[in-house]
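K.L.:
Have a look at the structure that comes next, please.
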Amino acid sequence: MWIGAAVSRSLLTAHAHYADPVMKQRSVGGSGLRVSRIGLGTLTWGRETDGDEAAAQLLAFVEAGGTLIDTSPAYSGGKSQRILAELLGDVVPRDVLVLTGSSGIEPASVGPDRVDCSRRGLLRQLDETLRELDTDHLDIWQVAMWDELTPIDEVAATLQHALSSGRARYVGARGYTGWQLATLAASVPLTAVQAEYSLLERSAEAELAPAALHHGVGICASTPLAGGILTGKYRNGVPADSRGADEFRAGDVHVHLTDRGTRVVDAVVTAADGLGTSPLAVALAWVRDRPGVSSAIVGARDLAQLTGVLAAEELELPRAISAALDDVSA
């Protein structure tokens, strides 16, 4: 276990703050489920973020009123979920969290065999996740990707089975297009869809967001800072300790280091200067408050980064600035 005795003792007093959260809560789509409008992603846990740092992040997030935690057995080859399993109950009680997880991607496979959304594959991964996290349910369980080899009726029936068996309280999807979401929603009551969404990645607005709104599905926006680009950290090059210099994630960053990306980042920095806040806060507030977005899920490498994310909760963008950012990033 990573947590030292002194930190563990502090958790007892920290629990008193849970009843008085700072972060605002939102309903997910048309459901009665409420989550923090900023979620904590765990993609970096086990690779860039060790157990002690993850514990500090989780505690700070919950103390700030955060509830939504995103996990997956595919993150860091399974290491991320194992770290989360160690922290549940010891750092924060399970019942103060809304756990969203996904199944359908095999962490140890590559190529076409990496995706398996068959009934067998989905339920096997779900049950493994529940055992590892020592919980009897996920609050939101999502199909991780569209699977060309599995009939959509089979996927829908599997999600329905997870609901009726109590393994999942709500179900959804991630990595889906609008028509794929609509097809699945016709057969099973979906609550959430997770998709990349930021000032530099607005493709979800063309098809996915309208489909989600139509079907009462809440959007969980992932990568809302575009891999850190929207914080302005890449304006003068690629920092050696950044994701842009990481062989595993460099491609996700460099795809946005373009002339358009520069214009958008400059606009975000200008807006931040005028508001007396950080570019991170401006970029995050913009996507957090887009139509249909229930929560913006942000991953942080360390507690310092997460502190900046949590500070953004207080910012409400003036309508004129939000509109200007719409224009420059369109």
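K.L.:
Do the conditions hold for P224, that is, is it surrounded by 21 or more Cβ atoms within 10 Å (Cβ to Cβ), farther than 25 Å from R174 by Cα and modelled with pLDDT of 95 or more?
P.N.:
Considered against the rule, which asks whether it is surrounded by 21 or more Cβ atoms within 10 Å (Cβ to Cβ), farther than 25 Å from R174 by Cα and modelled with pLDDT of 95 or more, P224 comes out as no.
K.L.:
Could you figure out which of (1) in contact with a Phe, Trp or Tyr (Cβ under 8 Å, 6 or more places away or on another chain); (2) under 16 Å from G41 (Cβ atoms) isn't true of S103?
P.N.:
The one condition S103 does not meet is (2).
K.L.:
On the basis of being of a type outside the set (D, E, K, R), buried (at least 22 other Cβ atoms within 10 Å of the Cβ) and modelled with pLDDT under 95, does I105 make the cut?
P.N.:
When the stated conditions are applied, I105 passes them.
K.L.:
I need every pair where a residue in the stretch 177-199 that is within 21 Å of S31 (Cα to Cα) and modelled with pLDDT of 95 or more has its Cβ under 7 Å from the Cβ of a residue that is polar (S, T, N, Q) and part of a loop (DSSP other than H, G, I, E, B), sequence separation at least 6 or different chains.
P.N.:
Every condition considered, the pairs that remain are T191/S31.
K.L.:
Let me ask another. Checking V255 against (1) surrounded by 21 or more Cβ atoms within 10 Å (Cβ to Cβ); (2) within 21 Å of A204 (Cα to Cα), which single condition isn't satisfied?
P.N.:
Tallying (1) surrounded by 21 or more Cβ atoms within 10 Å (Cβ to Cβ); (2) within 21 Å of A204 (Cα to Cα), V255 fails exactly one: (1).
K.L.:
Here is a further query. What are the pairs, 6+ residues apart or on separate chains, where a residue within the stretch 117-131 that is more than 14 Å from W146 (Cβ to Cβ) has its Cβ under 6 Å from a residue that is acidic (D, E) and surrounded by fewer than 23 Cβ atoms within 10 Å (Cβ to Cβ)?
P.N.:
R119/E154
K.L.:
From G232, G227, grab the single residue that is touching a Pro at 6+ places or on another chain (Cβ under 8 Å), on the phi > 0 side of the Ramachandran plot and not aromatic (F, W, Y).
P.N.:
G232
The values are calculated or read from the model by the stated rules, or taken from the named source; none is laboratory data. Keep in mind the model is a prediction, meaning the values are calculated, not measured. Neighbour counts run over all protein chains shown; Cβ positions are idealised from the backbone, glycine included.
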